[in-house]
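The values are calculated or read from the model by the stated rules, or taken from the named source; none is laboratory data. Predicted model only: the values in this text are computed from it and were never measured. A quick note on method: Cβ atoms are made from the backbone with ideal geometry, for glycine too, and the neighbour counts reach across all protein chains shown. Note: accessible area is taken over every heavy atom of the protein model, side chains too, but ligands, DNA and RNA are not part of it. Shrake-Rupley method; radii C 1.70, N 1.55, O 1.52, S 1.80 Å.
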Amino acid sequence: MSSQVNAVFEERREHGLLIGYLPLGFPTVDASVDAAVALVENGVDILEMGLPYSDPVMDGLVIQRATNTALEAGFRLSQTFDAVAAIRARVDAPVLVMTYFNPILQYGVDAFARDLAASGGAGLITPDLIPDEAKEWLGAAEAHDLDHVFLAAPSSSETRLSSATTNSRGFVYAVSTMGITGARNDVDSAARGVVSRLRDSGARNIGVGLGISTPEQVTEVLEYGDAAIVGSALVSALADGGAQAAGALASQLSAGKH
Amino acid sequence: MTNLRAQTGPYFGDFGGRYVPESLIAALDELTEAYELAKIDPTFGEELAHLHATYTGRPSIITEVPRFAQHAGGARIILKREDLNHTGSHKINNVLGQALLARRIGKTRLIAETGAGQHGVATATAAALFGMECIVYMGEVDTQRQALNVARMRLLGAEVVPVTTGSRTLKDAINEALRDWVANVDNTHYLLGTVAGPHPFPQMVRDFHKIIGEEAREQVLALTGGLPDAVIACVGGGSNAIGIFHAFLDDAGVDLIGCEAAGRGIDTLEHAATLTRGRPGVLHGARSYMLQDADGQTMESHSISAGLDYPGVGPEHSWLKDLGRASYRPITDADAMSALRLLSQTEGIIPAIETAHGLAGALEVGRERGPNATLLINLSGRGDKDMQTAGEYFGILDGAS
Ligand SMILES: Cc1ncc(COP(=O)(O)O)c(C=O)c1O
């Protein structure tokens with residue numbers, strides 16, 4: 001039983017890691033695979049591939065628009081596995097899938113875990129599934145040796161932070177700010193607080209996300225977190241300039257590592 | 001089936017729960033705790049009762065409607081008149097309860113979603129009464145078909161934000177309200193308008209509406225000397241229905257019947273018959289029946305009535321359906337509109353289009369059961385807000401085609 005994600009954290013903790021988010025199927029499935037590969041070739045250590053969903057309550061406009069485009073272009077859940085396998089065939093970085101819960105529930109939680117594991121995926125990040133409701137998913141993740149990343153927020157109590165820590169495998173996702181996805185000028189000072197409280201709860205691998213869009217912010221976040229997670233900024237770059245632009249931004253962001 | 005009334009959240013059988021981002025859990029915990037304390041605090045109960053007596057206009061009356069009933073197989077039909085409440089629908093019951101609670105936990109900003117605009121109007125009203133800031137999210141499609149209510153909310157001092165994402169109806173307004181809440185949870189209470197959403201909303205909103213059934217049960221007993229054979233209500237998210245059902249849950253002889261919007265027909269793709277045609281899934285924070293495709297993507301619903309145009313339903317209804325304690329039937333746009341006209345012309349009461357779905361259901365149930373049946377119907381709201389839609393539908397506006 002071993003976590004690909006954990007191994008990458010252990011190997012690169014000293015420099016800090018860059019985690020890049022892109023939605024699968026945007027602008028097309030093939031183009032999203034190419035863009036993901038471009039991120040890894042430009043210094044992204046771990047990929048977070050989002051599954052398009054009709055009601056993405058954690059997402060701001062940039063990601064909403066991209067996932068809507070993917071759905072309108074006919075994205076189907078079953079395409080996830082070939083896409084993950086295609087990314088893994090070209091680059092070595094672990095691929096986590098970020099998804100709202102209902103699509104997984106409808107596919108069948110265990111069946112999804114089985115097919116994700118078979119395609120070489122590393123696990124799931126679940127923005128609307130808290131550990132309290134995750135019994136079935138945790139069972140499936142264990143059965144198929146997958147990572148399970150839960151979120152921790154500035155508003156989370158000590159008990160809840162500790163639950164996020166004990167129930168996560170791979171890393172714990174520290175939400176930097178009280179809000180939804182989208183680039184921000186200032187990465188909240190709240191981020192520092194969540195990370196230090198997560199450390200107190202025993203978390204070893206901590207990724208910090210929401211609002212990070214510049215190399216300076218990556219550097220700043222990596223002073224206290226182990227990984228900086230960038231989403232909307234990469235999605236905007238992809239929307240405006242394709243895989244090449246997304247790769248170029250990844251390369252700049254990557255220079256923010258220590 | 002003897003103690004269904006005692007059921008509380010977070011779970012109603014396999015349904016309910018809290019499927020929301022972690023950022024919201026602290027607020028939900030705070031709300032749950034404040035609500036549990038308020039429930040046992042006599043002061044809170046007195047404050048709410050006082051508001052209902054002096055502001056809402058409770059208890060609402062019941063009205064027997066014999067001329068309408070002639071079209072329902074001669075069954076005896078009694079209406080619970082939530083349309084006579086201040087602001088024109090049942091929605092005020094829940095809004096005043098939650099606004100009092102919000103004040104207790106120090107929130108100064110109320111946000112709400114609205115479909116028909118009735119919940120938005122009620123929330124804007126409470127915000128005006130309590131001196132709070134108020135933002136109402138409303139699907140762009142609904143701002144057009146319920147333009148009068150948009151004006152009412154603005155006049156009351158609320159900001160109405162048209163939602164232009166997704167299907168631009170109630171479901172998307174809820175998404176937008178949730179996004180606002182995640183970002184502003186420090187000073188903001190999300191005043192959810194129906195018995196859906198994460199715990200504690202389904203239970204709390206039900207509790208604020210169960211006064212409808214409690215009053216009606218006593219009133220019908222006093223009028224007829226017995227309990228009704230069936231209690232009937234329209235179901236969007238399910239708040240007016242659970243409000244009138246709840247007092248009767250443990251009266252095994254009383255059938256509980258919810259009427260969902262079948263839009264252009266349940267064999268088309270244009271309906272909102274969640275319990276008839278949906279399957280269990282997770283939407284807006286709870287596990288419940290919902291309209292979805294094979295991949296779990298929420299499907300767009302359709303109803304002529306903005307307040308029923310929702311692809312989800314509260315978890316307690318899903319539980320009552322699976323238990324067999326309540327049954328749910330689909331009512332088309334056309335049947336609802338003819339029931340609306342029938343009640344108007346036989347009794348001089350113009351119902352909301354939402355409510356008209358329950359009336360159409362009562363016509364069916366009355367014809368099935370015959371003249372010995374007594375039916376209690378929740379007249380959840382009045383039709384003033386719907387005059388544009390109804391006028392166009394019936395072609396009775398001057399200058400209209
Ligand atoms: C008059 C009226 N009845 C019913 C509804 C449907 O909501 P619920 O099912 O929560 O009662 C609405 C919603 O806007 C309404 O305005």
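Here are the numbers for this structure:
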{"quantity": "Matching residues in the range A:147-175 - criterion: being within 11 Å of chain B (Cβ to nearest Cβ), open to solvent by less than 30 Å² (accessible area, probe 1.4 Å) and either assigned to a loop (DSSP other than H, G, I, E, B) or touching a residue at least 40 places away in the same chain (Cβ under 8 Å) (or both)", "calculated": "A:PHE150, A:ALA152, A:ALA153, A:SER156, A:LEU161, A:TYR173, A:ALA174"}
{"quantity": "B:LEU376, sole failed condition from (1) within 27 Å of B:MET138 (Cβ to Cβ); (2) surrounded by 24 or more Cβ atoms within 10 Å (Cβ to Cβ)", "calculated": "(1)"}
{"quantity": "Condition broken by B:ARG67, with the remaining ones in (1) under 23 Å from B:VAL220 (Cα atoms); (2) in a strand (DSSP E or B) satisfied", "calculated": "(2)"}
{"quantity": "Given (1) open to solvent by less than 50 Å² (accessible area, probe 1.4 Å); (2) within 12 Å of another protein chain (Cβ to nearest Cβ); (3) not in a loop (DSSP other than H, G, I, E, B), index of the condition A:ILE229 fails", "calculated": "(2)"}
{"quantity": "Among (1) in a helix (DSSP H, G or I); (2) open to solvent by 60 Å² or more (accessible area, probe 1.4 Å); (3) within 14 Å of chain B (Cβ to nearest Cβ) - the single one A:ASP82 does not satisfy", "calculated": "(3)"}
{"quantity": "Test: residue in the range B:26-43 that is within 14 Å of chain A (Cβ to nearest Cβ) and free of Cβ contacts under 8 Å to residues at least 12 places away in the same chain", "calculated": "yes"}
{"quantity": "Filtered residues of the range A:7-59 (kept if in a loop (DSSP other than H, G, I, E, B), closer than 30 Å to B:LEU291 by Cα, modelled with pLDDT of 95 or more and hydrophobic (A, V, I, L, M, F, W, C))", "calculated": "A:LEU24, A:PHE26, A:LEU51"}
{"quantity": "Any hit, the range B:62-70, residues being away from the ligand (no atom under 16 Å from the Cβ), open to solvent by 10 Å² or more (accessible area, probe 1.4 Å) and under 19 Å from the mean Cα position of the chain (by Cα)", "calculated": "yes"}
{"quantity": "Residue match in the range B:144-156 (condition: within 26 Å of B:LEU48 (Cα to Cα) and assigned to a strand (DSSP E or B))", "calculated": "no"}
{"quantity": "Criterion: away from every other protein chain (no Cβ under 14 Å) and at pLDDT below 95 - qualifying residue of A:ALA89, A:ALA183", "calculated": "A:ALA183"}
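The rows are residues; the columns are (1) assigned to a loop (DSSP other than H, G, I, E, B); (2) within 9 Å of the ligand (Cβ to nearest atom); (3) surrounded by 24 or more Cβ atoms within 10 Å (Cβ to Cβ).
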residue: B:LYS80; (1), (2), (3): no, no, yes
residue: B:HIS86; (1), (2), (3): yes, no, no
residue: B:ILE92; (1), (2), (3): no, no, yes
residue: B:GLN98; (1), (2), (3): no, no, yes
residue: B:ARG103; (1), (2), (3): no, no, no
residue: B:LEU110; (1), (2), (3): no, no, yes
residue: B:GLU113; (1), (2), (3): no, no, yes
residue: B:ALA116; (1), (2), (3): yes, yes, yes
residue: B:HIS119; (1), (2), (3): no, yes, yes
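Here's the yes/no breakdown for (1) open to solvent by 20 Å² or more (accessible area, probe 1.4 Å); (2) part of a loop (DSSP other than H, G, I, E, B); (3) not polar (S, T, N, Q):
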{"site": "B:GLN203", "(1), (2), (3)": "no, no, no"}
{"site": "B:GLU214", "(1), (2), (3)": "yes, no, yes"}
{"site": "B:PRO228", "(1), (2), (3)": "no, yes, yes"}
{"site": "B:ILE232", "(1), (2), (3)": "no, no, yes"}
{"site": "B:GLU260", "(1), (2), (3)": "no, no, yes"}
{"site": "B:LEU275", "(1), (2), (3)": "no, no, yes"}
